[in-house]
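For reference, the structure is listed below as structure tokens.
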Ligand code: PGA
Ligand code: ZN
């Protein structure tokens, strides 16, 4: 069994041109290095207030090279639970503010990569063991608004889910067509203004609902059937809209109560083939979230609302019916996995998710495949920090071949 010999941190840059931290873990037997694992921390823009805290990048790099390195050296790299427990102890705070969740998640993931490399298997395979796996169903952004487009519209993500696709590769084929069609539609109206943080088109809409109409138009232009081939997923990120007990739709110059917003979402779900809606109410507005989940016929995802906390999922009491899993919201792989376990136990669906600030790191694709999480969200169909992840999914699907479990899209959303 390989042991941790050395750990280094370094500053690298993310997709928004901001500093972030990379960790590199060297493992071996005795003093002989066998393998290296590497991972980079992502960063959110519409972060939940209960997310684990980051420290500035020079401090994160320093922490990795000192306290974390000293604390993890000589541990077996295969014992992820022990590694993560040690990280949590070394940090010693409830919000990860001493070591920094950015330092912790980079190290936690780098250890997993190093273990996989030492075992000469892909990361997904190390996580899955002998379990059969499939590729997850992607939620792919077409228009990017909210905090990822300087509040140009209120809804943060207008996404598609290729519910009728027979494989991950086919879902990407269809997405490429819809993404291109959406761009052509905007160009024809003189409304093509580049892309937002996750690669979705900048939303030059007069109302939030116009984004839905454009999405339906793009799906149809691509020769696909809205609702049958392709459904819609929304991330409202409503915490960003919540002030003084009401929801402010800046684009439409309207202020809505939770009841009015509830009615509006239900009307949207009635009128458009929406299959999933994320953070439809603010992270603190549990009563509204609970009432809505009860009334809502589709997937209701908690992102800011759960911040990947297993405890919050266990105490949800009927709020939401699906969980977004973002490793950097908690800080370690083990805690992220615990949240997925809590979700499964509670009968909740789950989606592994990237952040709006990303890099070439493709770890999350492996987590979704290896842990059997049937949905994956990594932003749009442009910009290489996004495409790197979709392309990694293609490689994994190809390597699985006939050994894969059936691709879950049709079953998940039937
Ligand atoms: P964030 O948003 O990474 O900016 O927090 C992504 C999401 O809400 O899914
Ligand atoms: Zn979200």
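The table that follows gives values for the structure above.
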{"quantity": "Full-extension gain in nm, residue 90 to residue 150, via 0.36 nm per residue minus C-alpha separation", "calculated": "17.9 nm"}
{"quantity": "Shape category assigned to segment 1-139 from the gyration tensor of Cα positions, a/c cut at 1.5", "calculated": "oblate"}
{"quantity": "Packing-based order for 270-283, 399-412, 298-311, 115-128, using average beta carbon neighbours within 10 Å, highest first", "calculated": "298-311, 270-283, 115-128, 399-412"}
{"quantity": "Gyration tensor (alpha-carbon) shape descriptor, segment 245-298, a/c threshold 1.5", "calculated": "oblate"}
{"quantity": "Label-point separation in nm, residue 252 to residue 395, each point 7 Å along Cα→Cβ", "calculated": "4.4"}
{"quantity": "Relative contact order [Cα under 8 Å, 6+ residues apart], segment 14-160, whole percent", "calculated": "27"}
{"quantity": "Shape box of the chain [Cα atoms, principal axes, largest first, Å]", "calculated": "63, 50, 41"}
{"quantity": "DSSP bridge pairs, segment 137-412: antiparallel proportion in percent, nearest 5", "calculated": "45"}
{"quantity": "Over segment 137-412, relative contact order from alpha-carbon pairs under 8 Å, at least 6 apart, %", "calculated": "20"}
{"quantity": "Directionally averaged projected area (convex hull, Cα atoms, segment 70-140), nm²", "calculated": "6.5"}
{"quantity": "Separation of alpha-carbon centers, segment 288-314 and segment 226-246, rounded to whole Å", "calculated": "13"}
{"quantity": "Packing-based order for 6-14, 249-257, using average beta carbon neighbours within 10 Å, highest first", "calculated": "6-14, 249-257"}
{"quantity": "GNM flexibility winner over the chain from 31, 334, 20 (Cα, springs under 10 Å)", "calculated": "31"}
{"quantity": "The chain: calculated mean residue ellipticity at 222 nm from DSSP helix runs of at least 4, using -39500 (n - 2.57)", "calculated": "-11500 deg cm²/dmol"}
{"quantity": "Segment residue 192-residue 260, length gained on full extension (0.36 nm per residue, minus Cα span)", "calculated": "21.3 nm"}
{"quantity": "Choice from 182, 222, 45 with maximal GNM fluctuation in the chain (Cα, 10 Å cutoff)", "calculated": "45"}
{"quantity": "GNM flexibility winner over the chain from 156, 329, 184 (Cα, springs under 10 Å)", "calculated": "184"}
{"quantity": "Value of relative contact order over segment 255-414, rounded to a whole percent, pairs C-alpha under 8 Å and six or more apart", "calculated": "14"}
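Readers should treat all values here as calculations from the given coordinates under stated rules, not as data from a laboratory. Bear in mind that the values here come from a model prediction, so they are computed numbers and not experimental data. When we count neighbours, we look across all protein chains shown, and the Cβ atoms used for this are built from the backbone with ideal geometry, even at glycine.
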